[in-house]
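The values are calculated or read from the model by the stated rules, or taken from the named source; none is laboratory data. Keep in mind it's a predicted model, so treat the numbers as computed, not measured. Ideal geometry is used to build each Cβ from the backbone, glycine not excepted, and the neighbour counts take in all protein chains shown. The area values use the complete protein model at the heavy-atom level, side chains included, leaving out ligands, DNA and RNA. Shrake-Rupley method; radii C 1.70, N 1.55, O 1.52, S 1.80 Å.
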Amino acid sequence: MSVHGPRINVMLSTRRLGRGLLALLCGAVLLGLIPSTATLEEIKKRGSMVVATEDNYPPFEFVQDGQPAGLDHDLYKLLKDWAGFQVRQEILPWQGLLAGVVSGQFDVALSAATISDQRAQQLYFAMPIAEATHYYMKRKGDTRIQSIKDLSGLTAGMQQGSSIHQRLPEIDALLQKSGGKLGKVSLYASFPEAYQDLANGRIDYVLNSVVAIADVIRKRPNDFELGQAVVPVGYHAWAVKRGNKELRDFLNQFFVEQRKNGNLYRLQEKWLGRSFPDLPWEARLPGNRPMPE
């Protein structure tokens, strides 16, 4: 698999750390200089919550005319007014976002994360903000691809660390049922990079959620076509560290209010081109399976 875009690997060996530095690190944790997961009560006491949002995942979160835009940014504005304490946002590439929530660097992944079995082992998800069933997208007029079985042996593109990246064994198993196999996979720092390589013929198809793909096709109808679903129905949702039930329930209370007053559906129409009034009222695994306890 090829990976596009810069990669920075930072390795820290405890064997290189003197005892004095290790003691300083331990002291920093005790003093709160290194973040740990904060409960809702602790967030209220300190008066602020830190949320993390991806930098480039339209139509959910992206930059437009130099300003943050998308569904999640508009929801962030509503959350700031609703929360009763300061909500501070950090915008960063996807690759470090969920890990930052798990480590305690951020309180909430205020981002359109796709709920998956693997992520549910480390995260609690709030109720969904949109459907996230994954489809393939091909170049307009590419007659080689008429159905899922035609993807066999072709080059796929997707974001590194995305949920569909984690589910590639499922795609391979699906292709094997018709005598095919998964071809080369090119990984990108963001999905827009994959879209551009698809348009330029460097890859044959992109796997992404139907909402994101539909947004791209609306903007570039002469370049791309929507294919078929490659996995069971799934959902986008915000996330907190697993075990932080109170904070997850706090976010669910926010979403209940935004659904009842119509704000969520209005913003879905604005950014996604359609609303999702039949979303479940709690997080669900792909295929509408219940979340693990």
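A few points about this structure:
- Carbon plus sulfur fraction of accessible area for the range 174-239, probe 1.4 Å, in percent: 49 percent
- One decimal place: the segment Leu226-Leu174 gains 16.9 nm when fully extended, by the rule 0.36 nm per residue minus the C-alpha distance.
- Where (i) 1.06; (ii) 1.52; (iii) 0.96 are the candidate values, the label of the one calculated here for Cα Rg over 2.2 N^0.38 Å is (i).
- Chain lengthening between Lys270 and Val63 when straightened (0.36 nm per residue, less Cα-Cα): 72.9 nm
- Entry comment: accessible area of the range 90-207 is 36 Å² per residue, from protein heavy atoms only and a probe of 1.4 Å.
- Sulfur and carbon atoms: percent of accessible area, the range 54-108 [1.4 Å]: 47 percent
- Annotation: amide H-H contacts under 5 Å for Val230 (H modelled 1.01 Å from N, sequence separation of 5 or more, or interchain): His134, Tyr135, Tyr136.
- Rounded to the nearest 20, the size of the Cβ-charge dipole of the chain about its Cα centre is 520 debye, with Lys and Arg at +1 and Asp and Glu at -1.
- Each listed q (0.15, 0.17, 0.20 Å⁻¹) maps to a log10 I(q)/I(0) for the range 50-160, found by the Debye formula over equal Cα scatterers with no solvent: -0.77, -0.92, -1.14.
- Sites Gln196 and Ala99, calculated FRET efficiency, Cβ-Cβ separation with R0 30 Å, nearest 0.05: 0.70
- The packing ranking of peptides 37-44, 200-207, highest mean first, is 200-207, 37-44, where packing means the average number of other beta carbon atoms within 10 angstrom of each residue.
- Contact order relative to length of the range 146-261, as percent, for alpha carbon pairs under 8 angstrom and 6 or more apart: 27 percent
- Cross-link check: pairs Lys44/Lys80; Lys44/Lys245; Lys140/Lys181 evaluated at a Cα-Cα cut-off of 18 Å; pairs beyond the cut-off: Lys140/Lys181.
- Value of [θ]222 nm, deg cm²/dmol, for the chain, DSSP H segments ≥ 4, -39500 (n - 2.57) each, nearest 500: -10000 deg cm²/dmol
- Inter-centroid distance (Cα atoms) of the range 59-87 relative to the range 103-117, Å: 15 Å
- Between the range 206-233 and the range 254-293, the Cα center-to-center distance that results, in Å: 20 Å
- Amide H partners (placed H, <5 Å) of Met49, local residues excluded: Gln86, Val87, Arg88
- 3J(HN,Hα) from dihedral phi, the range 103-112, Karplus parametrisation 6.51/-1.76/1.60, rounded to Hz, x for glycine, proline: 7, x, 5, 10, 7, 9, 8, 8, 7, 7
- Close amide H pairs (under 5 Å, H built 1.01 Å from N) link Tyr188 with His4, Met158, Gln159, Gln160, residues at least 5 positions away or on another chain.
- Pairwise FRET efficiency - Asp249 versus Asp117, Cβ, R0 = 25 Å, nearest 0.05: 0.70
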